[in-house]
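A short worksheet on the structure shown next.
The values are calculated or read from the model by the stated rules, or taken from the named source; none is laboratory data. Note that this is a predicted model, so its numbers are computed, not measured. Methodologically, a virtual Cβ is constructed for each residue, glycine included, from the backbone with ideal geometry; neighbour enumeration extends over all protein chains shown. Only protein heavy atoms, including side chains, enter the accessible area calculation; ligands, DNA and RNA are left aside. Shrake-Rupley method; radii C 1.70, N 1.55, O 1.52, S 1.80 Å.
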Amino acid sequence: ALLHHALHNSPLILAISKSPLIRQTAVGEACGKFDPEIFVLSQFDDRYDPVGNTLTTGNSSSFLKDHLWSGDMGVRRKMQNGGSIEARQQFGFQNSNSSFFQPQDQGTATLSLNFAQPLMKGRGAAYNRNQILIAQLDSTSSWDEFASELQDELTQIVEAYWTLYFHRALLLQKENNVKRGEVVLQKLEARSG
């Protein structure tokens, strides 16, 4: 009953029981570097540059006005063999007050699929999965550490219980001896009379 109560109510046991669960999350974190990543990037540049001569704009404007917008979106993923794959869609729009920029309001779009594989550093599944393996080993060892710490704590509880039992029994024996001594004293005092 004491051990059952300790397992359910001891703050120390509750704390050490959480450690393996916390260390197990490192496995998910290590696996997470191989999850697909969605990205979106958008940039707008509105430039007004002073013009020193008419060869820049082709007209009498004193500023070259460029309006540029570009956007990228796609998905990328690192593979367990070290390679990375990426599918990307790029958009662009440009407008300028230059007479040489023809036609006005130009738009661009590019769809690309890229794969990159390192040939030396960072190549191979063993190299790229090492953090997952280390996290799994750490998670497994944390359960062994938890079992050891739990056994130590339960052993200390049992030792404290038996130490308390011993001292209680010793106290009862001393109280009984005192009572027997009082009885003997009463008998001796009665005899002396």
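Note on region 120-146: among residues that are under 30 Å from Leu3 (Cα atoms) and of a type in the set (D, E, K, R), the one that is surrounded by the fewest Cβ atoms within 10 Å (Cβ to Cβ) is Asp144.
Somewhere in region 16-38, is a residue touching a Gly at 6+ places or on another chain (Cβ under 8 Å) and not aromatic (Phe, Trp, Tyr)? Before you say what the answer is, go through the steps one by one.
Residues of region 16-38 touching a Gly at 6+ places or on another chain (Cβ under 8 Å): 38.
Right, trim to not aromatic (Phe, Trp, Tyr) and you get 38.
Yes, because at least one residue in region 16-38 is touching a Gly at 6+ places or on another chain (Cβ under 8 Å) and not aromatic (Phe, Trp, Tyr).
The helices (runs of 4 or more DSSP H) found entirely in region 1-111 that carry 1 or more residues being among the charged types (D, E, K, R) are 11-32. From Glu149, Glu159, which residue is part of a helix (DSSP H, G or I), under 30 Å from Leu14 (Cα atoms) and open to solvent by 100 Å² or more (accessible area, probe 1.4 Å)? Step by step, each of Glu149, Glu159 is checked, and only Glu159 is part of a helix (DSSP H, G or I), under 30 Å from Leu14 (Cα atoms) and open to solvent by 100 Å² or more (accessible area, probe 1.4 Å).
Looking only at region 18-48, which residues are more than 25 Å from Phe115 (Cβ to Cβ), open to solvent by less than 70 Å² (accessible area, probe 1.4 Å) and of a type outside the set (S, T, N, Q)? Pro20, Arg23, Ala26, Val27, Gly28, Asp45, listed by residue number. Scanning region 119-168 for residues that are farther than 15 Å from Ser17 by Cβ, of a type in the set (D, E, K, R) and without any contact (Cβ under 8 Å) to a residue 24 or more places away in the chain yields Lys121, Glu159, Arg168.
Matching residues to (1) out of contact with any Phe, Trp or Tyr (no Cβ under 6 Å at 6 or more places or on another chain); (2) under 23 Å from Trp69 (Cα atoms):
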site: Asn97; (1), (2): yes, yes
site: Gly107; (1), (2): no, yes
site: Ala116; (1), (2): yes, no
site: Met120; (1), (2): yes, no
site: Ile134; (1), (2): yes, no
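Looking at this structure, is Phe44 modelled with pLDDT of 85 or more, more than 24 Å from the chain's Cα centre (by Cα) and farther than 30 Å from Ile134 by Cβ? Yes. Taking the conditions (1) farther than 30 Å from Gln89 by Cα; (2) open to solvent by less than 80 Å² (accessible area, probe 1.4 Å); (3) touching a residue at least 24 places away in the same chain (Cβ under 8 Å) in turn, Val51 satisfies each one other than (3).
Of the residues making up region 112-138, those that are assigned to a helix (DSSP H, G or I) and out of contact with any strand residue (DSSP E or B) (no Cβ under 9 Å at 6 or more places or on another chain) are Ala125, Ala126, Tyr127, Asn130, Gln131, Ile132, Leu133, Ile134, Ala135, Gln136, Leu137, Asp138.
Among the residues of region 9-38, which ones are among the acidic types (Asp, Glu) and at pLDDT 90 or above?
Hits for region 9-38 are Asp35, Glu37.
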